[in-house]
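Inspection log for the structure reproduced underneath, given as structure tokens.
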There are 2 protein chains.
Amino acid sequence: MGIGLENELEKLLRGARQAARTLARSRSAEKNRALRLLADALRDNADEILAANRNDYEGAAMRGRSDAFLDRLKLDLARVEKIAVSVEQIEALPDPVSEVIAGWRRPNGLEITQVRVPIGVIAVIYESRPNVTIEAACLGFKAGNAVVLRGGSDALQTNRVLAGLVARSLAGAGLPPQAAVFVDQGDHDAIQVLKRRTDLLDLIVPRGGGELKRALDGSAVPVLPHFEGICHVYVDRAADLQMGQEICVNAKCSRPGVCNAMENLLVHSEVAPRFLGPLAKQLTTRGVEIRGCERTCRLLPEAVAAVDQDWDTEYLDLILAVKVVDDLEEALAFIARHGSGLADAIVTSDLVAARRFTEEVDSATVYVNASTRFTDGFEFGFGAETGISTNRLHARGPMGLRELTTYKYVIFGDGQVRE
Amino acid sequence: MGIGLENELEKLLRGARQAARTLARSRSAEKNRALRLLADALRDNADEILAANRNDYEGAAMRGRSDAFLDRLKLDLARVEKIAVSVEQIEALPDPVSEVIAGWRRPNGLEITQVRVPIGVIAVIYESRPNVTIEAACLGFKAGNAVVLRGGSDALQTNRVLAGLVARSLAGAGLPPQAAVFVDQGDHDAIQVLKRRTDLLDLIVPRGGGELKRALDGSAVPVLPHFEGICHVYVDRAADLQMGQEICVNAKCSRPGVCNAMENLLVHSEVAPRFLGPLAKQLTTRGVEIRGCERTCRLLPEAVAAVDQDWDTEYLDLILAVKVVDDLEEALAFIARHGSGLADAIVTSDLVAARRFTEEVDSATVYVNASTRFTDGFEFGFGAETGISTNRLHARGPMGLRELTTYKYVIFGDGQVRE
């Protein structure tokens, strides 16, 4: 990689580090004013945003990107409005900085408070989704951090316009524009630089698939990944089968290309004969291909035989792997082995089964009688999300503002010394 | 490194992973029973422990270890009793597993609860301090984790006896003894294996210095380090000077070899002429060497001139670097530049200065009118500690039971699907 890129990034990161110090001490009123200005600027500059986006879109289409990809890239007036509304929602959220998490007094009179503080400088690496540029920037600086944004190259022109609006809004509120900077070159070369700079960067939040994961291997900077989801729905013997159908159709079909979509369906053998036929009808109408275990294939002539690899594949597509299991025990063992620990659901009216499922499934989000598709910052009520952590540490599952903070202990005494 | 070690460790880790599943679901009563049995076993087997420790001690002395090192290694009847009491204290602590951190109901009726769960398998790498073997094991399994212990080789025989007692106590309570396993070979070779096994290990907690830090460079398993502390005391213009003296003597002299001891002292120029003379007298009586800035050396004939490197050195010894500063601003800038972000204190009666110091100093623990030496799990009221995190993420500062857990979201619905 060029020394030019390295120098460029270093300059950018130094600016962000400096800005982070100012942001950490800024008032909620200032940060909210920047958000207010940005919401207005998005609406006022919709034409410019859409023109840049048309160029990006045409380029990506010429490069043969998939329909799902192009759909995520594309903006129209309604989508710009939706982004502006999300900025207003972030403005309305309480400021997490300085929240007292806990506090107590020790026998020796020391008063200890655990206080929420920003993390510092956070890099967000993401796909060609222009809305993420705005949401990641806004959540990041509302939580008092400086944010370094590295979006997919197919959205470059759109992102440049958006980044300009963010910078202007920060400056308009008297905050340093370096608090949200956009890296517009270098692709994975940039990642190789970012992941080494523990002096200038406190956290990397990557949103993406296997290639991004490999690019971040051995990162010296801590990584809070948003990687794959192999999500399960288990339809128990005691399930309301009508409810089971609705949940399965929703979990598979409402948006098959996202991480919280169902990839593997497990059905209790006692209900499989009644459940699978009607479900398959609904799924195939929606274009879903079913890959089944032996028993599933016996019940469903339209199913193709699943191979071992199917149980460990994140299709992100209209494909579903289906397995008939003999009991809850087998379902739990299957999920422990094949699940990715993101989102798994049981459909049951049996309290004992529900309690055992929620206790034993070791996933970020565990559902009883609801679709896995709710694993999402908006749906959790966080207003927006920076990503969904597939990590066990620091943050797990949907990440809102609090997940972009850390804490420190502030201790007041009157001369205490230790024995 | 030998394939033998690699296979040995893999077997150990697989056992721990299996045990972690059982531990995660075990009742508090079972875990507490294991702790009760261990406290008794420590007292009942004190002779055997002390005999093994005498061998370790003699070996370490022959290898020319320092007095401070030998002191940390050495056990006697009183210290064994103290360890047994700490086990009883951990028994008395509330179980963090299944604690509901937060819970709310969404407009669509979904009930979301955020529930504390164990992290999984945790490796603790530490010095030749036998008490850590017991404390890390007990905190780890009380929080529902399996713990892999890798202690310093100078304490090997003591640790083997202690590990045996832990295993017997777990088994006695019906829990898998593989939940607390001791790695008794391989030294840094073992670390090289551990840091790659993301499949079998969820976290590494290293306690130690630069060499250990380098050995863990590029770890694929997340690391929650307990590394160096360059701690400051700033004596403000508005300080109670008598209190300032007591705090400085305590922060430097009460235990100079630990991470929360003061290394740099900053004194406001207005009080320096009155403050430094009497302090220097107290410090030199206690054998402290003072390395001062130019102004300090003018005030203290006994001081030697500090060089640049002194301000960035963790002495862990009876040496103190002293600088006279012109105002709070300069003190804050100095701490931002030279501090390690672990523990820093201000001595002042000025509310504005105290508030500014606690807000702007970005350290895990920030003190007003108290010694930095309180940065410690026991002193915080956590009962015991696994270490003091010098990290910004997941946990910061003293780590107790909660810091050894993560969380998951459990969501109950009645058929909700996403639009």
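Observations, loosely collected:
- Residue count, the range A:2-36 (criterion: more than 14 Å from every other protein chain (Cβ to nearest Cβ) and either closer than 22 Å to residue A:203 by Cα or not aliphatic (A, V, I, L, M) (or both)): 21
- Residue match in the range A:339-355 (condition: in a helix (DSSP H, G or I), buried (at least 24 other Cβ atoms within 10 Å of the Cβ) and either in the same structural domain as residue A:247 (by TED's automatic domain parsing) or modelled with pLDDT of 95 or more (or both)): no
- Members of the range B:182-210 found to be within 11 Å of another protein chain (Cβ to nearest Cβ), touching a Lys or Arg at 6+ places or on another chain (Cβ under 8 Å) and without any contact (Cβ under 8 Å) to a residue 40 or more places away in the chain, listed by number: none
- Pick from the range B:359-373, criterion outside any loop (DSSP other than H, G, I, E, B), in contact (Cβ under 8 Å) with a residue 24 or more places away in the chain and within 18 Å of residue B:228 (Cβ to Cβ), ranking: farthest from the other protein chains (Cβ to nearest Cβ): B:372
- When the range A:200-214 is filtered for residues that are surrounded by fewer than 20 Cβ atoms within 10 Å (Cβ to Cβ), of a type outside the set (D, E, K, R) and closer than 26 Å to residue B:225 by Cβ, only A:212 remains.
- Single residue of the range A:391-416 satisfying the filter (surrounded by 21 or more Cβ atoms within 10 Å (Cβ to Cβ), among the small types (Gly, Ala, Ser) and not in a loop (DSSP other than H, G, I, E, B)) that is nearest to the other protein chains (Cβ to nearest Cβ): A:413
- Residues (buried (at least 24 other Cβ atoms within 10 Å of the Cβ) and within 18 Å of residue B:18 (Cα to Cα)) located in the range B:146-168: B:146, B:147, B:148, B:149, B:166
- Of the criteria (1) more than 7 Å from chain A (Cβ to nearest Cβ); (2) part of a loop (DSSP other than H, G, I, E, B); (3) surrounded by 21 or more Cβ atoms within 10 Å (Cβ to Cβ); (4) not hydroxyl-bearing (Ser, Thr, Tyr), which one residue B:419 fails: (3)
- Within the range A:211-306, helices (runs of 4 or more DSSP H) holding 1 or more residues that are within 14 Å of another protein chain (Cβ to nearest Cβ) and modelled with pLDDT of 95 or more: A:241-253, A:272-285
- The listed residue being more than 7 Å from chain B (Cβ to nearest Cβ), in a helix (DSSP H, G or I) and in contact (Cβ under 8 Å) with a residue 24 or more places away in the chain, out of A:388, A:335: A:335
- Every condition in (1) among the aliphatic types (A, V, I, L, M); (2) more than 30 Å from residue B:208 (Cβ to Cβ); (3) touching a Lys or Arg at 6+ places or on another chain (Cβ under 6 Å) holds for residue B:304 except the one numbered (2).
- For the range B:80-100, the criterion of being over 27 Å from residue B:29 (Cβ atoms) and touching a residue at least 60 places away in the same chain (Cβ under 8 Å) is satisfied by no residue at all.
- Taking the criterion of being in a helix (DSSP H, G or I) and in contact with a Pro (Cβ under 6 Å, 6 or more places away or on another chain), the residues of the range A:168-210 that qualify are A:170, A:171.
- Scanning the range A:181-220 for residues that are small (Gly, Ala, Ser) and over 19 Å from the mean Cα position of the chain (by Cα) gives A:186, A:190, A:218, A:219, A:220.
- Qualifying residue in the range B:376-383 (condition: on the phi > 0 side of the Ramachandran plot, within 12 Å of another protein chain (Cβ to nearest Cβ) and part of a strand (DSSP E or B)): no
The values are calculated or read from the model by the stated rules, or taken from the named source; none is laboratory data. Every value quoted in this text rests on a predicted model; they were computed, and no experiment measured them. Methodologically, a virtual Cβ is constructed for each residue, glycine included, from the backbone with ideal geometry; neighbour enumeration extends over all protein chains shown.
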